[in-house]
Amino acid sequence: MFKGVDFFPHNTKIPVMELRRYCVTISWVAAMIALALLLTKGLNFGIDFKGGALFEVQSKSGDINIASLRSKLGALDLGDVQIQGLDDPRDALIRVEQQEGGEKVQQDAADKVQTALGQDIAIRRVEVVGPAVSSELKQAGIIAVSLAIVGILLYIWFRFEWQFGVAAILALVHDIIITIGVFSLLGFEFGLTEVAALLTLAGYSINDTVVVFDRIRENLRRYKKMPLIELLNLSINETLSRTVLTASTTFLAVLALYVFGTEVIRGFSFAMLFGILIGTWSSIFVASPFLLWIGVKRDWTGAVKAKPAAGKA
């Protein structure tokens with residue numbers, strides 16, 4: 001009879017909680033660096049958030065001549081015009097800065113670019129976003145991420161207890177801040193697709209954390225006299241196989257999108273790739289230490305609280 005392949009060793013005994021000070025210190029130093037980058041360098045906002053026009057073009061006659069294209073569009077006197085070559089040497093992205101004067105002026109600038117490109121260059125995609133719309137989109141993106149975090153907090157609070165909810169949200173905020181910080185560090189464009197990636201990441205990360213927390217709750221009921229640090233270690237190791245294998249398979253699927261996908265989803269794929277790594281790290285090494293420091297009751301009925309010595313950091 002065929003037996004399934006065992007990809008992960010069982011009965012692991014990694015002393016996660018004994019390493020909690022080092023792991024949490026590394027995590028929050030990274031988060032503080034990311035926050036500092038956001039406050040000083042900021043994000044390279046895309047057309048969605050800062051307005052302007054974007055064209056994805058393709059040459060009909062061989063490789064695209066970036067220098068010639070830059071000279072041709074520079075003569076239009078439209079301000080900052082950025083031209084970026086893509087993986088295919090026949091393709092390029094053209095970004096035209098937001099024009100003063102409102103939506104009509106912005107559309108007129110886009111029309112000038114389309115005329116200047118001529119017949120040898122085909123336009124595959126056009127996005128034109130005015131200043132009013134870009135401001136609304138930026139506000140909507142912030143609201144969407146904030147409401148997602150609040151909704152997750154309320155769900156975990158209802159599903160478990162408030163200590164679990166606070167610990168999960170701290171780990172989730174850590175994931176989001178570091179992911180956005182990487183975009184700031186690398187100067188990658190940040191737009192609506194990247195906001196969608198953050199929301200997807202929030203759901204993925206919290207799902208991993210809930211699996212670990214659910215095992216912790218089960219073990220709190222099962223081992224009423226086991227020291228809390230030992231119980232948390234046991235719970236993390238019992239769910240480690242599921243956590244690592246789920247992260248690995250998801251990472252491979254998103255990696256295929258990043259390698260073979262188009263430029264349109266490149267930012268989304270990168271945010272998901274990095275988010276899977278940092279989300280898996282936080283589910284194992286960050287969320288449970290927070291739960292220990294916040295404090296969690298040993299008796300799920302609420303009759304007995306954890307002894308301070310058992311949960312001492």
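Please treat every number below as a calculation from the coordinates, not as lab data. Keep in mind it's a predicted model, so treat the numbers as computed, not measured. Positions of Cβ are generated from backbone atoms using ideal geometry, with glycine treated the same way; all protein chains shown enter the neighbour counts.
Points worth noting:
- Derived scalar couplings ³J(HN,Hα) [region 261-268; Karplus, 6.51 cos²θ - 1.76 cosθ + 1.60; whole Hz; x for Gly, Pro]: x, 7, 4, 4, 9, 5, x, 4
- Cβ charges +1 (Lys, Arg) and -1 (Asp, Glu), total dipole of the chain, debye: 1880 debye
- Region 57-121: GluC sites (Glu not before Pro) in DSSP coil with no more than 13 other Cβ atoms inside 10 Å: GLU100
- Value at 222 nm in deg cm²/dmol, rounded to 500, when DSSP H runs of n ≥ 4 in the chain each add -39,500 (n - 2.57): -21500 deg cm²/dmol
- Helix 131-159 vs. the chain, principal-axis angle (Cα, 0 to 90°, nearest 10): 10 degrees
- Alpha carbon convex hull of the chain, projected area averaged over orientations, nm²: 21.2 nm²
- Hydrodynamic radius of region 52-129 per Kirkwood, over alpha carbon pairs, in Å: 12.5 Å
- Between LYS13 and ASP108, the contour length at 0.36 nm per residue exceeds the Cα-Cα span by 27.7 nm.
- For region 17-77, the calculated P(r) over all alpha carbon pairs, in 5 Å bins from 0 to the bin holding the longest distance, is 4, 12, 11, 12, 11, 10, 9, 8, 8, 6, 5, 3, 1 percent.
- Using C-alpha pairs under 8 Å with a sequence gap of at least 6, the mean separation divided by the residue count of the chain gives a relative contact order of 24 percent.
- Ordering of 70-80, 208-218 by burial proxy (mean other Cβ atoms within 10 Å per residue, highest first): 208-218, 70-80
- Among LEU117, LEU257, LEU292, residue whose mean-square fluctuation peaks in a GNM of the chain (springs only between Cα atoms under 10 Å): LEU117
- log10 of Debye I(q)/I(0), alpha-carbon scatterers only, for region 121-178 at 0.19, 0.23, 0.24, 0.28 Å⁻¹: -0.75, -0.89, -0.93, -1.06
- Scattering curve values for region 231-299, log₁₀ I(q)/I(0), Debye with Cα scatterers, q = 0.13, 0.18, 0.26, 0.28 Å⁻¹: -0.49, -0.73, -1.09, -1.17
- Among the listed pairs LYS72/LYS104; LYS104/LYS138; LYS41/LYS112, those with a Cα-Cα distance over 30 Å are LYS41/LYS112.
- Among LEU198, LEU153, LEU252, the largest mean-square fluctuation in a Gaussian network model of the chain, built with springs joining Cα atoms closer than 10 Å, belongs to LEU252.
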